[in-house]
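The values are calculated or read from the model by the stated rules, or taken from the named source; none is laboratory data. The shown structure was predicted, so the numbers you read here are calculated from the model rather than taken from an experiment. No Cβ is skipped: glycine too gets one built from the backbone with ideal geometry, and neighbour counts run over all protein chains shown. Calculation scope for accessible area: heavy atoms of the full protein, side chains included, ligands and nucleic acids excluded. Shrake-Rupley method; radii C 1.70, N 1.55, O 1.52, S 1.80 Å.
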Amino acid sequence: MPQDFLWWRDGVIYQIYPRSFADSNGDGVGDLRGIRSRLDYLRDLGVDAIWLSPIYPSPMKDFGYDVADYCSVDPVFGALADFDDLLRQAHARGIRVILDMVMNHTSDQHPWFIESRSSRDNPKRDWYIWRDPSPSRRPWNRHGGPPNNWASVFGGSAWEFDAKTGQSYLHLFVPGQPDLNWRNPEVKQALFDACRFWLDRGVDGFRLDVAHMFYKHPDLPDAPPKLGLRGFDRQHHFYYEHLPETHTLWKEFRRLLDEYSERAAVGEVAPDAAADYYGNGNDELHLAFNFSPMGLPWNPRAIQRAVVNHEARLPAGAWPCWVLSNHDVTRHISRWGSGALGDARARVAATLLLTLRGTPFTYYGEEIGMRQANIPRAEIVDPPGKRYWPFYKGRDGCRTPMHWNDGPHGGFGAGKPWLRLSRDVDRINVQRQQGEPESLLNFYRRLIALRRSNPALQRGSFRALIDRPSDVMAYLREVEGQAALICLNFASDEAKFDLRLAGGGEWRALSSSVTHSGEGMKVTGEMTLYPNEALVLGRTA
Ligand code: NOJ
């Protein structure tokens, strides 16, 4: 490992959805002790950090993204002492821990909101966004209409009328998630204090939930309409996304993190604006997720364009951050293929993720090729899934319990899990893949190890090599004295690649997604890629 190794820049980060990783006490929900019991697995996989989706006390209306106390742990996950133990044990294995900070909104059960809604003159009234109803045009709206036309991300109006005080509060997500008023300095102070609470305990960083939505236009103007499927998608979000104040806030947050050593923040922001959240490249967020490949078809040109565009927009010094799957979207193996084709493409996708310039975030289960599970309607628990079924089935299918083995409940825990497991658990599980040298799990392990041992892959510059229509996406990663060439064949036919595009010379195969035995082979001139082959090469001279 290089002397100046920096975990959030040079490492691989693994997202854990705590409800679904490992259940130590048999109540059907994953917990911190469960995660702790699997740390050796994560160390052997080679990851440098884990990001835990929210573990705080919560009524779970949005499964933890509705926080009722920022400085504690929900009993379903364990106690604060379990967290401290997990952190210690993770650090002992060289694994950093990132917490999910959900600060745009709280739960409606947070004591701040309970106070805020208690009366119009409560000192915490202004911690949230309260407005008088508008004169209603609808006869059934006894209390008047919502203060403006904003739609909630999860459906319906973004306003909830509260009869006790005769005003409505804003919630960009479910009504149980009232938006905080970040224009009130006390709010910022309270949440910065909560962050300090965890930093002082040794937490290494934060994933910042909807980091682009914190500030709302003070006049709350109506949102102009646009074409889209669901309510939220049918509006422009100018008045609460990417307001300039948001950048001022994250710069201040950066200064807070910089008071500690090697702490980092990664922002969840709308993909089109990810590059804007780095400030001058060094004074805002350390990382901002780039989700753009998630929304793209399996098409080398489209994906290459997204990467090249993002690279071009980043300020000097900024470091990209790539992600293909998370707890909000269909797992990429199911998105980009099915059956054997899905398996082959999962390896190409893994090579892409782990060789692009930038920090890769992997999502639990992706390393064994867990599919999106099919959850019957009666078992759907995700709020947007309940609301929009069958047009949108929600996010439960990507949040199902981890497949550890082919035993009861896939080795997740002794009790009936909170979400059913996917039916293919007998075939797709950790134990089985650990025993198969050519498994996807072992492919991820080898690639992560390769990345770690190869400075060009870890730190190198990025240069796209193909700009004409082709089935191959190819790019060079270079540091002084070393180069890596990545060729991804997106097609199910053989494809040619001319090494002269990469400056010619002799190259050595470092990783192939199709033939492990070809590794080490020397190639020059024009080479042929197998169908769906992802090849990583190193220059020999
Ligand atoms: C983004 C999170 O990723 C998602 O799971 C959550 O529902 C919303 N923010 C609201 O917190």
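Of the residues Ala344, Ala373, Ala378, Ala350, only one is closer than 26 Å to Asp100 by Cα, aliphatic (A, V, I, L, M), surrounded by fewer than 23 Cβ atoms within 10 Å (Cβ to Cβ) and at pLDDT 95 or above; which?
Going through Ala344, Ala373, Ala378, Ala350 in turn, the sole match is Ala373.
Here the stretch 192-232 is the region considered, the condition is being within 15 Å of the ligand (Cβ to nearest atom) and modelled with pLDDT under 95, and the residue that is nearest to Pro244 (Cα to Cα) is Phe232. Comparison of Asp100, Asp66, Asp62 shows that the only residue that is within 16 Å of the ligand (Cβ to nearest atom) and in contact with a strand residue (DSSP E or B) (Cβ under 6 Å, 6 or more places away or on another chain) is Asp100. Taken together, the residues in the stretch 221-234 that are outside any helix (DSSP H, G or I) and open to solvent by 20 Å² or more (accessible area, probe 1.4 Å) amount to 9. I'd like to check something: does the stretch 184-195 contain any residue that is part of a loop (DSSP other than H, G, I, E, B) and without any contact (Cβ under 8 Å) to a residue 60 or more places away in the chain? Within the stretch 184-195, one or more residues are part of a loop (DSSP other than H, G, I, E, B) and without any contact (Cβ under 8 Å) to a residue 60 or more places away in the chain. Being more than 17 Å from Tyr41 (Cβ to Cβ), open to solvent by less than 20 Å² (accessible area, probe 1.4 Å), touching a residue at least 60 places away in the same chain (Cβ under 8 Å) and outside the structural domain of Ser512 (by TED's automatic domain parsing) is a description that applies to Asn454. Checking Tyr17, Tyr56 one by one, the residue that is in contact with a Lys or Arg (Cβ under 8 Å, 6 or more places away or on another chain), of a type in the set (Ser, Thr, Tyr) and within 16 Å of the ligand (Cβ to nearest atom) is Tyr17 and no other. Filtered by the rule that a residue be part of a helix (DSSP H, G or I) and open to solvent by 10 Å² or more (accessible area, probe 1.4 Å), the stretch 276-299 gives Asp276, Ser292, Met294, Gly295.
Looking at the stretch 339-358, can you tell me whether even one residue there is within 16 Å of the ligand (Cβ to nearest atom) and touching a residue at least 24 places away in the same chain (Cβ under 8 Å)?
Looking through the stretch 339-358, none of the residues is within 16 Å of the ligand (Cβ to nearest atom) and touching a residue at least 24 places away in the same chain (Cβ under 8 Å).
When Ser157, Ser119, Ser107 are checked against the criterion of being among the hydroxyl-bearing types (Ser, Thr, Tyr) and without any contact (Cβ under 8 Å) to a residue 40 or more places away in the chain, Ser157 stands alone in meeting it.
Considering each residue of the stretch 154-168, count those that are within 16 Å of the ligand (Cβ to nearest atom) and in contact with a Lys or Arg (Cβ under 9 Å, 6 or more places away or on another chain), and give that number. Residues flagged as within 16 Å of the ligand (Cβ to nearest atom) and in contact with a Lys or Arg (Cβ under 9 Å, 6 or more places away or on another chain) within the stretch 154-168 amount to 3. Would you be able to say whether some residue in the stretch 129-149 is modelled with pLDDT of 95 or more, touching a Pro at 6+ places or on another chain (Cβ under 9 Å) and of a type in the set (Ser, Thr, Tyr)? No, the stretch 129-149 contains no residue that is modelled with pLDDT of 95 or more, touching a Pro at 6+ places or on another chain (Cβ under 9 Å) and of a type in the set (Ser, Thr, Tyr). Considering only residues that are part of a strand (DSSP E or B), touching a Gly at 6+ places or on another chain (Cβ under 6 Å) and farther than 18 Å from Phe197 by Cβ, which ones fall in the stretch 98-139? Once the filter is applied, which keeps residues that are part of a strand (DSSP E or B), touching a Gly at 6+ places or on another chain (Cβ under 6 Å) and farther than 18 Å from Phe197 by Cβ, the stretch 98-139 yields only Ser134. Scanning the stretch 154-188 for residues being open to solvent by 10 Å² or more (accessible area, probe 1.4 Å), more than 23 Å from the chain's Cα centre (by Cα) and over 29 Å from Ile13 (Cβ atoms) gives a total of 17.
Taken together, Arg96, Arg36 contain a single residue that is buried (at least 22 other Cβ atoms within 10 Å of the Cβ) and at pLDDT 95 or above, which is Arg96.
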